[in-house]
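Undergrad: Take a look at this one; I'll ask things after.
The values are calculated or read from the model by the stated rules, or taken from the named source; none is laboratory data. Predicted model only: the values in this text are computed from it and were never measured. In this analysis, Cβ positions are derived from the backbone assuming ideal geometry, glycine residues included, and neighbour counts consider all displayed protein chains. Quick note on the areas: whole protein, heavy atoms, side chains included, nothing else; ligands and nucleic acids left out. Shrake-Rupley method; radii C 1.70, N 1.55, O 1.52, S 1.80 Å.
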Amino acid sequence: MAEQEKKFSIWDLPDVPMGQLPPHLELQRTRVFCNKDAPIHTESIQYSGAYSSIGVDNSVRLDNFCNDFRVEVIRLNEDDMEFDMIGIDAALANSFRRILVAEVPTMAIEKVLFANNTSIVQDEVLAHRLGLVPISVDPRLFDYMSENDQPNEKNTVVFKLHVKCKKGSPRITVKSDELKWLPNGSELVRESTANSGSSSKPETYTYFSCSQESVPEFVKNPVAPKYPDIILAKLGPGQEIELEAHAVKGIGKTHAKWSPVATAWYRMLPEVILLEDVEDDLAEELKSKCPVNVFDIEDIGKGKKRATVARPRSCTLCRECIRGEDWEKRVALRRVKNHFIFTIESTGALPPELLFTEAVKILEDKCERVITELS
């Protein structure tokens, strides 16, 4: 036995394939294995020296990225979109998510001037509700407003709300469609000028040099709340609300009311593999195990049935299909590391496809600033 061990040397080992990874290592590099107890191989291997011993360069290269990266739109409507981002790392997908939530600008009501409020809703609560009403206006047409800036036609949108419930009338519901756009700016007169007795034009809370209706984009699409049926308050007989609301440009990092998305999230593409043929009663059992109907059954003739993976994209990783005796030997659950299913749900302020393109521009600007600082 000792002589046999002495005769054995490293040169007797089979040759390591150069220039490509063995199948098991390629799976570990590109897939997350979702086992019954916990997922494994979740790390993302990007550094160049990881597989240098077998002649594989695993570094991130621009030409490889350009060849591999693509975006495929799966669903698109007025409120949300779903698309696949293929050929990227999780860090890049997460950067898009964070930019969408916190850095894409919108217009939202920031200042509320109350002339009268006899409703049961406090001024602060009503102002907060107004701030969360999505405003259908392109923020690219406006400038950011700093503390020293005066509200003008280039940085402020003004709305008026005046609703009164007459005595003896039933209760009424005040909805967002009661917000009326004032293209010429504020109509509330400052108390200092109202009491001065001057014959000059009374001073209001904005300084518009021209009407916003002169802007071509507003002629086609007048400024208004995106959804007209958002409930703001309820008025009883004799109660009244009169106010002005000023909307300005901002980002979600400052306050959530400027965030343009209800949610933006992603997940890795599910991959469901049948490791062996699952037939007859086992096929029926496997189909019934899945709560989202990933599996289907096909007739293979002679009265036999076989399970198939019909809808792998619907898999939610509940792992029900691999629970129980020997099911991990029949079914494998994986996630593709560089293929992300991205979903954007817009609040309505901007269409979802525009939100994504704006997020790309913001990320591009960040990269240019880094390059400029390093050069």
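Undergrad: Tell me, which helices (runs of 4 or more DSSP H) wholly within segment 1-70 include 1 or more residues that are of a type in the set (A, V, I, L, M) and at pLDDT below 85?
TA: In segment 1-70, 2-7, 62-68 are the helices (runs of 4 or more DSSP H) which contain 1 or more residues that are of a type in the set (A, V, I, L, M) and at pLDDT below 85.
Undergrad: So how many residues does segment 327-375 have that are closer than 23 Å to Pro270 by Cα, among the acidic types (Asp, Glu) and either assigned to a strand (DSSP E or B) or within 20 Å of the chain's Cα centre (by Cα) (or both)?
TA: 1
Undergrad: Now for a separate question. Of all residues in segment 130-145, count the ones that are in a helix (DSSP H, G or I), surrounded by 15 or more Cβ atoms within 10 Å (Cβ to Cβ) and within 22 Å of the chain's Cα centre (by Cα).
TA: 2
Undergrad: Do we have any residue at all in segment 84-101 that's more than 21 Å from Pro139 (Cα to Cα), β-branched (Val, Ile, Thr) and part of a strand (DSSP E or B)?
TA: Within segment 84-101, the first condition is being more than 21 Å from Pro139 (Cα to Cα), and the residues that meet it are 84-95.
Now narrow it down to the ones that are β-branched (Val, Ile, Thr): 86, 88.
Within this subset, residues satisfying the condition of being part of a strand (DSSP E or B) are 86.
The answer is yes; a qualifying residue exists.
Undergrad: Limited to segment 355-375, what total is found for residues that are closer than 14 Å to Ser95 by Cα, among the acidic types (Asp, Glu) and surrounded by fewer than 13 Cβ atoms within 10 Å (Cβ to Cβ)?
TA: Residues meeting the conditions: 2.
Undergrad: Exactly one condition in (1) touching a strand residue (DSSP E or B) at 6+ places or on another chain (Cβ under 7 Å); (2) open to solvent by less than 40 Å² (accessible area, probe 1.4 Å); (3) of a type in the set (Asp, Glu); (4) assigned to a loop (DSSP other than H, G, I, E, B) is not met by Glu153; state its number.
TA: Tallying (1) touching a strand residue (DSSP E or B) at 6+ places or on another chain (Cβ under 7 Å); (2) open to solvent by less than 40 Å² (accessible area, probe 1.4 Å); (3) of a type in the set (Asp, Glu); (4) assigned to a loop (DSSP other than H, G, I, E, B), Glu153 fails exactly one: (1).
Undergrad: Right, next: Quick one: Gly87 ticks every box in (1) modelled with pLDDT of 95 or more; (2) open to solvent by less than 40 Å² (accessible area, probe 1.4 Å) except a single one, so which number is it?
TA: Here Gly87 meets the rest and fails (1).
Undergrad: Suppose we filter Leu333, Leu363 for residues that are farther than 27 Å from Leu76 by Cα and in contact (Cβ under 8 Å) with a residue 40 or more places away in the chain; which single one remains?
TA: None of the other options fit; the residue is Leu333.
Undergrad: Further question on the same structure: Check whether at least one residue in segment 303-322 is on the phi > 0 side of the Ramachandran plot, at pLDDT below 90 and not in a loop (DSSP other than H, G, I, E, B), and report yes or no.
TA: The answer is no; no qualifying residue exists.
Undergrad: Might you check whether a residue that is without any contact (Cβ under 8 Å) to a residue 40 or more places away in the chain, closer than 29 Å to Ser346 by Cβ and aliphatic (A, V, I, L, M) occurs anywhere in segment 212-225?
TA: Within segment 212-225, one or more residues are without any contact (Cβ under 8 Å) to a residue 40 or more places away in the chain, closer than 29 Å to Ser346 by Cβ and aliphatic (A, V, I, L, M).
Undergrad: Pairs, please: C-beta under 6 Å, at least 6 apart or cross-chain, first residue open to solvent by less than 70 Å² (accessible area, probe 1.4 Å) and in segment 96-124, second among the charged types (D, E, K, R) and not in a strand (DSSP E or B)?
TA: Ala102/Lys253; Val104/Glu358; Ala108/Lys257; Phe114/Asp123; Asn117/Asp123
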